[in-house]
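A short write-up of the structure that comes next.
The values are calculated or read from the model by the stated rules, or taken from the named source; none is laboratory data. Quick caveat, the model's predicted, so the values are computed rather than measured. Cβ: placed from backbone, ideal geometry, glycine included. Neighbour counts: every protein chain shown. Ligands, DNA and RNA are stripped out before the accessible areas are found, and what is left, the full protein with its side chains, is counted by its heavy atoms. Shrake-Rupley method; radii C 1.70, N 1.55, O 1.52, S 1.80 Å.
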Amino acid sequence: MRTTRALAVAVTAGAVVGLAAPTASAWADPSNIVAMPSVIPRGGQLTVTVDGSACQAVGSKVTSDAFPDTNLKTMGGGTASANTTIHHHASPGAHSITVHCGSSAPLTKPNAFTVIHGGVRGGLGGSSSAGATSTDMAIGGVLVAAAVVGGGVFWMRRRSESAGRGI
């Protein structure tokens, strides 16, 4: 009985996904704008990806106040992409991207990416400290003390058990 129910749920879910897929692929207007990376320094390379078959038309472009107007290139499957360079004079903060695709109305994604002043801090998880902080030392000390106390209690219990057997 459980197998029949599981099979019925799986078939129903497959039918829903199967019926929704042609509807999603039929959209012609731009539907999604993705900027990678989402945080970028001035002068950095930004990749903008747009879903929508209308964006594969000649003359489709992405615009923003942080980078020059850039033409979209077809990637296939109803997706287009553009690689652009952030202006060296771009103001730090969030910036919007507007997509102009064929005869479709322009689509704007507000706060699509953030420009930061200087480079991205990388390496040790963006860490800026040069060593262990006082909080790190306190936590380490507590852990060592707990290990010593736990080991002592364990040793004393084993000692009392072996002493009890020798009587």
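Beta carbons within 10 angstrom, averaged per residue: use that to sort the peptides 38-46, 142-150, highest first. Each step should come with its number before you reach the end.
Numbers: 38-46: 16.3, 142-150: 10.0.
With the highest mean Cβ count within 10 Å placed first, the list reads 38-46, 142-150.
Heavy-atom surface analysis with a 1.4 Å probe gives segment 52-122 a carbon and sulfur content of 53 percent of its accessible area. Listed values for segment 148-160 are Karplus-derived 3J(HN,Hα) couplings in whole Hz (6.51 cos²θ - 1.76 cosθ + 1.60, θ = phi - 60°), namely 5, 5, x, x, x, 5, 4, 5, 5, 5, 5, 5, 5, and x replaces Gly and Pro.
Based on protein heavy atoms only, segment 50-101 ends up with 46 Å² per residue of surface accessible to a 1.4 Å probe.
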